[in-house]
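S.K.: First the structure, then my questions, so here it is.
Values quoted throughout were computed directly from the atomic coordinates according to the rules given, and no laboratory measurement underlies them. Predicted model, so just to flag it, every value in this text is computed and none were measured. All Cβ positions, glycine included, derive from the backbone under ideal geometry; neighbour counts span all protein chains shown.
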Amino acid sequence: MKKLTLLLLILISFSQFFISCNNEIETCTITGKVIGRSSDTLIVMNALDDAWFAETRIPITDSTFSYEVEAKPAQAYWLVFQDEIESGGFRPITFFPDTKNIYFTLHSMDQYDRNIIEGGELNNQLREFNELFESAFRSRYQPMNDSIRILFETNQYHSDSMSVLYERLRQSKSQDTNIVLYEKMEGIKERGNHLTEKAKIFDAKIKEISQEQFRLILDYIEDNPTIVTYYLFIDRCLINPVENVDITRFNKMQEVLSNKFKDHPYRQVSEDLLNSLNIRVGGKYINFTLPDLDGKKHQLSDIIDGKIALINLWATWCGPCIATSRTMIPVYNEYKNKGFTIVGVAAEIDNTDRLIKTLEREEFPWLNLVELDHQNNIWNKYGIPNAAGKTILVDTNGEIIAIDPTSEEIRRILIEKLQ
C-alpha cells in the first residue's frame with residue numbers, strides 16, 4: 001500500500017548530497033523558473049516528511065517562483081510539483097539551503113535530468129555525486145529504461161487483467177469504485193500476475209542493478225560520514241532497504257553517524273527506522289499507546305495480549321488501505337470470539353473529521369486508534385514513513401507471522417492455529 005511511484009524512476013532517483021553542520025545563515029531564498037510545463041504550484045517540504053501531507057505551497061506565476069526556506073538545522077528539502085502528486089507519481093527536486101540564495105531551472109518530469117540548481121557548495125556536491133553515480137550505471141539502465149518505455153507505449157508492460165483495471169481506474173470518478181479496483185489490483189500483484197512475461201524479465205534485471213546500487217551507496221556512506229550521507233543512510237538504506245540487508249553493518253553505520261551528529265533530528269529518525277527493520281516475519285511488533293476517537297488511550301500490548309492480532313496501519317485517503325480493511329471484516333466477525341482481533345490505527349492530519357466520516361461509512365467493527373500529525377512516529381517505527389499503511393499479523397506471543405497478508409491468508413492461519 002505504498003504510495004504510487006514511477007517504476008522507471010527507481011534507477012535514477014538518487015538525488016543525494018553532502019553537507020556540513022557549519023550553517024551560518026537562518027533562511028535561504030529560493031527562486032526559479034519553470035520551463036515546458038503548465039504547473040501552477042510547487043510544494044516545499046522537509047525531505048523526510050510525507051509529501052501527501054505537506055502544506056507549504058509556492059505559487060508559480062508567469063513560470064517563476066520565489067520563497068524563503070529555513071536553513072537550520074542543516075538538512076535536505078524537496079521541491080515537488082503539486083500536479084505530479086495529484087497524478088499519483090512524482091519526482092522530488094532535492095536541494096540544500098546552505099546559502100542565502102539558490103536559483104532553480106525546472107523542466108517537465110520527462111526532462112528531469114535537465115533541471116539545474118545554482119547556488120551553494122552543497123548543491124554543487126550534489127551534482128558531482130549524481131554525475132559519479134550515473135557514470136557507474138547509466139550505460140546499463142538507459143537501454144532498459146528505453147525498452148520498458150516501449151513496452152508501456154505499446155501496452156505490453158502490464159498483463160491484460162491489470163491493464164483492464166488501470167483503464168477502469170483512469171475512467172473512474174468514484175472513490176468507492178476506486179477502492180474496489182485497488183482491491184482487485186492488489187490481488188493480481190500478490191499472485192505475481194501484474195506484469196507480462198517481457199516486463200518480468202526487465203523487472204528482474206532492475207532488481208539486480210538496484211542491489212548493486214545499494215552496495216555502492218553503503219560503501220560511500222562508510223567512506224564519507226557526513227550529515228549528507230546521514231540523510232542518504234535514512235532515505236536510501238533505512239526507508240527503502242533491499243532484501244536481506246546486513247543489520248550488523250547498518251548498526252555500525254548508525255553508531256558512527258549518531259555519535260558524530262548527536263543533536264541532529266536525523267538521529268531519532270534513523271534509530272526508529274533501524275529498529276523497524278525488525279518488523280519482519282519472525283520479529284516482534286513494536287508496542288505503542290494511542291487514543292481512540294473519544295480520547296481514551298489504549299496500549300497495543302493490552303489489546304492483543306494472548307491473541308492472534310492484525311495491526312492495521314492505514315489512512316482515510318488511501319484507497320488500497322480501505323479496500324484491504326473491507327476484506328478483513330468477514331474474517332474478524334467469524335473469529336473475533338475465537339482468539340483473533342484487529343486493531344486499526346489511522347494516520348490523520350490536523351483533525352479527525354475525515355476519519356469520523358470514513359468510519360461512519362465503512363463501519364469497521366474493530367477498535368480504531370488515531371495517530372494524529374505523526375506525533376508518536378508510529379509510521380517511522382514500523383518502517384513506512386512515506387507509505388499510506390501496512391498490516392502486520394502477530395501470533396499469541398507477539399511474533400510477526402505475516403506482513404500485508406490477504407484475508408484468505410489470515411483465514412488459513414486462523415484455521416490452523418485456532419481450530
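S.K.: Given +1 on the Cβ of Lys and Arg, -1 on the Cβ of Asp and Glu, and no further charges, what dipole in debye does segment 243-339 carry about its Cα centre, rounded to the nearest 20?
M.R.: 80 debye
S.K.: How much net charge surrounds Met109 when only the other residues with a Cβ under 15 Å from the Cβ of Met109 are counted, with Lys and Arg +1 and Asp and Glu -1?
M.R.: Here the charged neighbours net out to -1.
S.K.: OK, next. Taking Cα atoms, how many degrees apart are the long axis of helix 407-418 and the longest axis of the chain, rounded to 10 and kept between 0 and 90?
M.R.: So the helix axis and the longest Cα principal axis differ by about 50 degrees.
S.K.: In what order do Val242, Val345 fall by count of nearby beta-carbon atoms within 10 Å, going from fewest to most?
M.R.: Values: Val242 15, Val345 23.
Least to most surrounded, the residues fall as Val242, Val345.
S.K.: Can you find, among Gly389, Phe90, Leu126, the residue sitting farthest towards the positive end of the charge dipole of the chain, where Lys and Arg contribute +1 and Asp and Glu -1 at Cβ?
M.R.: Value: Gly389.
S.K.: Once R0 is set to 35 Å, what does the formula 1/(1 + (r/R0)^6) return for the Cβ-Cβ distance between Tyr220 and Ser172, expressed as a FRET efficiency to the nearest 0.05?
M.R.: 0.20
S.K.: Roughly what angle does helix 121-153 make with the longest principal axis of the chain, taking Cα atoms, 0 to 90 degrees, to the nearest 10?
M.R.: 60 degrees
S.K.: Can I ask one more? Can you tell me the dipole magnitude for segment 289-418 around its Cα centre, using point charges on the Cβ only (Lys, Arg +1; Asp, Glu -1), in Debye to the nearest 20?
M.R.: 220 debye
S.K.: What is the log10 of I(q)/I(0) for segment 48-133, computed with the Debye formula using one identical point scatterer on each Cα and no solvent, at q = 0.11, 0.16 Å⁻¹?
M.R.: Evaluating at q = 0.11, 0.16 Å⁻¹ gives log10 I(q)/I(0) of -0.32, -0.70.
S.K.: When every alpha-carbon pair in segment 324-419 is counted, what percent end up more than 24 Å apart?
M.R.: I get 26 percent for the Cα pairs in segment 324-419 exceeding 24 Å.
S.K.: With volume of the Cα convex hull per residue in Å³ in mind, check [x] 155; [y] 135; [z] 114 and report the label derived from this structure.
M.R.: Recomputing volume of the Cα convex hull per residue in Å³ here gives the entry labelled [x].
S.K.: Given the pairs Lys207/Lys284; Lys72/Lys262; Lys284/Lys390; Lys307/Lys336; Lys284/Lys307, which are separated by over 19 angstrom at their Cα positions?
M.R.: Too far apart for the 19 Å limit: Lys207/Lys284.
S.K.: Expected output is a single nm value to one decimal: the length gained when fully extending between Arg140 and Glu26, i.e. 0.36 nm times separation in residues minus the C-alpha distance. What is it?
M.R.: Numbers: separation 114, 0.36 × 114 = 41.04 nm, distance 4.20 nm.
In short, 36.8 nm is gained.
S.K.: Dipole of the chain, Cα-centred, from +1 at each Lys and Arg C-beta and -1 at each Asp and Glu C-beta, to the nearest 20 debye?
M.R.: 920 debye
S.K.: Can you tell which of Glu243, Glu408, Glu118 shows the greatest fluctuation in a Gaussian network model of the chain with Cα springs below 10 Å?
M.R.: Glu243
S.K.: Tell me, in nm to one decimal, what length is gained between Ile116 and Thr248 on full extension, where the rule is 0.36 nm per residue of separation less the Cα-Cα distance?
M.R.: Details: separation 132, 0.36 × 132 = 47.52 nm, distance 3.80 nm.
Working it through step by step, the gained length comes to 43.7 nm.
S.K.: Next question. What angle, in degrees between 0 and 90 and rounded to the nearest 10, separates the Cα long axis of helix 247-260 from the longest principal axis of the Cα atoms of the chain?
M.R.: 50 degrees
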